[in-house]
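All of the numbers you see were taken from the coordinates with simple rules; none came from a lab. Here the structure is a predicted model, which means the values were calculated and not measured. Because the Cβ atoms are built from the backbone with ideal geometry, glycine has one as well, and the counts that use them run over all protein chains shown.
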Amino acid sequence: MPKSSDPDVPEIARRNLAVARTQINHIVGYSGILGEDALDADRGDMAKLYAAIADSAVELREPLLARLRGAEAEAGREAEALDREIYGILYDLIARVQSAKGEASAGGLKGLAAETERLLDQANAVLELMAALSDSAKGAAEEEAVPLAQRKDVEDEGLEPASRPGRILVVDDNVFNREILSRHLERQGHAVRVASDGVTALEALRAESFDVAIIDVMMPGMNGYQLLERIKADASLRGVRPIVISSLEDTQTIARCIRLGAEDYLPREFEPVILKARIESCLEKKRMKEEQELYVAALLSAREKLEQELHGGADYVRSLLPNRVSSPALEIDWEFIPSASLGGDVFGYHFLDGGEGVAGTGRLALYLIDVSGHGIEAALFSVTLMNMLKTQVLPGADFADPGSVLGALNASFRMEEQNYLFFTAWYGVWEPASRELRYSSAGSPPAILVRPDGSASSLMGSGTIVGVDPEAGYESRRADVPEGSKLYVFSDGIYEFRANDGTIFGIDRFQRLLAGAAGGRRSGPALRRILDYARAECSTESFPDDISLLEFRLG
């Protein structure tokens, strides 16, 4: 493959240059690996010998490439003088390789001796190339190899092990490239597999799990571009992060690889520390993505669990609500529709002084409380308030006097002492003997009294929200209730929603709705008509807030 620095070199010379670079780079890279093997075998003397072999190969590079380019004149040397220099270095290199092989064999290191033989093959190939050049013969072309480093000490010495080992697939059709690269990666602690072409690599990627794929561009059959395309198109391989290593250094090639999904692009000649950093960056990105996916999954699980708890909380609140009442003297019906988030609506009613309200002789206390906010905290607070009113355990309260009850609540529950929760409340006492309804409110919606003739009154108190102002006062008011009237008590969620016309539905429209729907003989259908109409008017699929709606038919 021609280099960008050799634009005017003839084709045959370019091929010879590629061959020479391949052989020298293999000697440099492989001698570094064998030096590490020697150190592992506690043979520091042999490690120095392999380092000297690498030095000789580096020293050989400049004059050999100059000779192959025909650049003797530029170097200020005659061809014969340059040949003598090359042969001198080359014979010295071969002698060192043979010495290393002999030392390995004598020391019983048969594997190291066999692998040193491969260095000798590469050195002899350079010798044959020089002989062919001297005879004016054509040099045999090979693909350019991967020089992992061009150092004068034992290669990779001083590199720390990978901080996060990964599974790496090395894809290259050149056996030396694959072996050198895989050996370096294994020494850093990575688990490495190799593939000689794109098809084999794709099969391996689909069969096993890999973190990184190091890919050569120029391969027979499926080349590196096609492999990148397949990886990018396969959803099951989205976790693989490709790094391209190639002798093609033009910007168009680099840009094309990046567009096809390559995480990085490295030239053939690079330092091992650069590749190590690139791989660790890929592994860190993958770790962060995996952690993000786990975090999202945990959030979804927590959300699902919270929704289940909220539904359970709504069921619990519903179980505490009072039974409906049906008698000639008194009918009570209600609807409770919690929103998606558990809120603070709660209501109740009970007879005071042991009176028999069903028979129409006992006083009836009735109330609705709406705690600020949503969630379990608001719901628990509302249940606490309901239990205090139901059991009539509230210091300083006269439960037959609505103003006294709200005043006692305001004195007992300061907002700053309740995690800044406050609440609105409507409290009334119905006395059937006098047909008088006494009531008081604390920032709540008014109750609506609908008389038999269809006229409606708003029963609004003047008190402020409970828990905000410790000096607030709450007065009790009274209303006469004609026979056959209906009283509606509700939370603001039933009218504070955006209607289909874009406006807020509002209390005035809701009051007219109550007056129109209350004319039926039975209470049940009236509540259903009211809710059906409100749902039809609401611009969203569900009400944004809790809905509490009570109907009292005061016979």
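So how far, in whole Å, is the C-alpha centre of the stretch 287-312 from the one of the stretch 444-477? The distance from the Cα centre of the stretch 287-312 to that of the stretch 444-477 comes to 43 Å. Counting neighbouring beta carbons within 10 Å and listing from fewest to most, the residues L385, L129, L227 come out as L129, L385, L227. Taking only the Cα atoms of the stretch 321-554, the radius of gyration and Dmax are 16.9, 49 Å.
The dipole here belongs to the chain: it is taken about the Cα centre, uses +1 on the Cβ of Lys and Arg and -1 on the Cβ of Asp and Glu, and is about 1780 debye.
All C-alpha pair distances within the stretch 11-134, sorted into 10 Å bins from zero, spread as 14, 45, 27, 13, 3 percent across the bins.
Since only G44, S542, P63 are under comparison, the one whose Cα sits farthest along the positive direction of the charge dipole of the chain, derived from C-beta charges on Lys, Arg, Asp and Glu, is S542. Over the chain, DSSP H runs of length four or greater, each weighted -39,500 (n - 2.57), average out per residue to a 222 nm ellipticity of -15500 deg cm²/dmol.
When the stretch 167-291 is described by a simple charge dipole with +1 on each Lys and Arg Cβ and -1 on each Asp and Glu Cβ, the residue from V175, V217, L237 located farthest towards its positive end is L237. Arranged from fewest to most other beta-carbon atoms within 10 Å of their beta carbon, E537, E291, E186 become E291, E186, E537. Taking a ≥ b ≥ c as the square roots of the Cα gyration tensor eigenvalues, with a/c under 1.5 meaning rounded and otherwise prolate when a/b beats b/c, else oblate, which class fits the stretch 463-545? Taking the square roots of the gyration eigenvalues as a ≥ b ≥ c, the stretch 463-545 is oblate. Most tightly packed first, judged by the mean number of other beta-carbon atoms within 10 Å of their residues, the peptides 319-328, 49-58, 454-463 read 49-58, 454-463, 319-328. Once whole DSSP H runs in the chain are found, which of them have Cα atoms spread over 30 Å or more along the helix axis and a mean Kyte-Doolittle score of at least -0.5? Qualifying helices: 11-40, 44-69, 79-106, 110-134, 272-320.
Taking the number of Cβ atoms within 10 Å of each Cβ as an exposure proxy, the fewest-first ranking of E85, E436 is E436, E85.
Judged by the ratio a/c of the largest to the smallest principal axis of the C-alpha gyration tensor, the stretch 167-291 counts as rounded, that ratio being less than 1.5.
The tail of the calculated P(r) for the chain beyond 36 Å holds 58 percent of all Cα-Cα pairs. The number of Lys pairs in the chain with C-alpha atoms less than 28 Å apart, excluding pairs fewer than 8 positions apart on the same chain, is 20.
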